[in-house]
Amino acid sequence: MSDNLKFVFTLVAADPDRHPVTVAMIDEITGLLAADKIASGPYIKWLRDDVAAEIEIGTMLSQDQMAKLRQTLADRQIDIFCQAAEGRRKQLLLADMDSTIVTGETLDDLADLAGIGDKIAAITKRAMNGELDFIEAIRERVAMLKDLPADLIQTMQNDLKLNEGARNLVNTMRNHGATCVLVSGGFTVFTEPVALQAGFHHHHGNTLGVDGDRFTGVVHDPILDRDTKLRLLREYAQDLDLSCEQAMAIGDGANDLAMLDAAGLGIGYHPKDLLQKALPNHIIHGDLSTALYAQGFSYNEFAIK
């Protein structure tokens, strides 16, 4: 790598059959970078033909620059990433669960089963957009479950679905030596089976109150919130003798922002507006495997399951 090209810009196609990554597309991007007086290298590294490629550039792109390039490529469903070239492959993964590793919001889905979904979903949406205090919001929502049948948990556990690419992301990073941790403001009755299904080493969540066959309407302290996620990132890094720069974190909502901001690579996964405005790197179009290309993994290194 050239001494003055110490950053990497990555493009990943979500729909390569219709909108592949091409040399012409990369030439378009390097032309836009040149107009901003940003140098780029002459060589393209292909991580997978038509799907993912990267180029060397001379500086870390600003939030505004990334947003403009993302908008340029939006109709072609191309996700983009920019980061320092050194240390791109992370040795620690912290991932949010709801709407990141699994397809839905587990508390909302539990409420749907109980017939009170609309009431709880409205509070969840505001909390994930940063409009409500997370701890107050989770207590308010769980209180609505009081005296409802706890066997809804088993039904929910049977219906949990991983987002596309979740196993691939976790198992590929595991195979390359990373420690993988699921951290959720949801509940351990769901983080445990999801962690097992996806391949995480460890999981953390909140404890949902149950007495006999009924919900108590209480979430037990301490409540795992955005500050806890940040603390867990730092603690795992310290225990593994890593820096936070050697970690990747991924999530979708306001509760994830502190963790994503502190990690060496923080990725918003189909992120809420607050995250889109706060971070440079996002998966807007693709699945969770896209986060592997962002770290420089080629397709033949994936541990596909």
(message) I'm told THR100 meets every condition in (1) hydroxyl-bearing (Ser, Thr, Tyr); (2) outside any loop (DSSP other than H, G, I, E, B); (3) under 19 Å from the mean Cα position of the chain (by Cα) except one. Can you identify the failing condition by its number?
(response) (2)
(request) Filter region 120-132 down to residues that are loosely packed, with under 15 Cβ neighbours inside 10 Å and assigned to a helix (DSSP H, G or I) and give me whichever is farthest from the chain's Cα centre (by Cα). (result) ALA122
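Kindly establish whether ARG234 is modelled with pLDDT of 95 or more, more than 23 Å from GLY104 (Cα to Cα) and in contact with a helix residue (DSSP H, G or I) (Cβ under 7 Å, 6 or more places away or on another chain).
Taking the combined requirement at face value, the residue satisfies it.
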(request) Sort through ILE78, ILE57 and tell me the only one that's within 19 Å of GLY165 (Cα to Cα) and crowded, with 20+ Cβ neighbours inside 10 Å. (result) ILE78
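Could you check region 224-269 and list, in sequence order, the residues that are surrounded by fewer than 17 Cβ atoms within 10 Å (Cβ to Cβ) and touching a residue at least 24 places away in the same chain (Cβ under 8 Å)? Give the steps one after another, and end with the answer.
Step one: filter region 224-269 for residues surrounded by fewer than 17 Cβ atoms within 10 Å (Cβ to Cβ), giving 227, 231, 234-235, 238-241, 243, 245, 261.
Residues satisfying the conditions are ASP227, ARG234, LEU240, GLU245.
Yes or no, residue by residue, for (1) among the aliphatic types (A, V, I, L, M); (2) under 29 Å from LEU242 (Cβ atoms):
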position	(1), (2)
GLU86	no, yes
ILE120	yes, no
MET128	yes, yes
ALA137	yes, no
(request) Would you mind listing the helices (runs of 4 or more DSSP H) fully within region 191-305 where at least 2 residues are under 23 Å from VAL21 (Cα atoms)? (result) 290-294
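Conditions tested, residue by residue: (1) farther than 27 Å from GLU301 by Cα; (2) assigned to a helix (DSSP H, G or I).
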residue	(1), (2)
THR10	no, no
PRO20	no, no
ALA24	no, yes
GLU28	yes, yes
ILE55	no, no
(request) Among the residues of region 129-170, count how many are hydrophobic (A, V, I, L, M, F, W, C) and in contact with an Asp or Glu (Cβ under 7 Å, 6 or more places away or on another chain). (result) 4
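With respect to ARG70, is the statement that it is crowded, with 17+ Cβ neighbours inside 10 Å and either over 27 Å from PHE190 (Cβ atoms) or small (Gly, Ala, Ser) (or both) true? Steps first, answer last, please.
Details: crowded, with 17+ Cβ neighbours inside 10 Å: yes; either over 27 Å from PHE190 (Cβ atoms) or small (Gly, Ala, Ser) (or both): yes.
Here the answer is yes, as ARG70 does meet what is asked.
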(request) Please go through region 160-194 and pick out each residue that is surrounded by fewer than 20 Cβ atoms within 10 Å (Cβ to Cβ), under 25 Å from VAL219 (Cβ atoms) and under 14 Å from the mean Cα position of the chain (by Cα). (result) LEU162, ASN163
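The values are calculated or read from the model by the stated rules, or taken from the named source; none is laboratory data. Since we're looking at a predicted model, the values are computed, not measured. Heads up, the Cβs are rebuilt from the backbone with ideal geometry, glycines too, and the neighbour counts pull from every protein chain shown.
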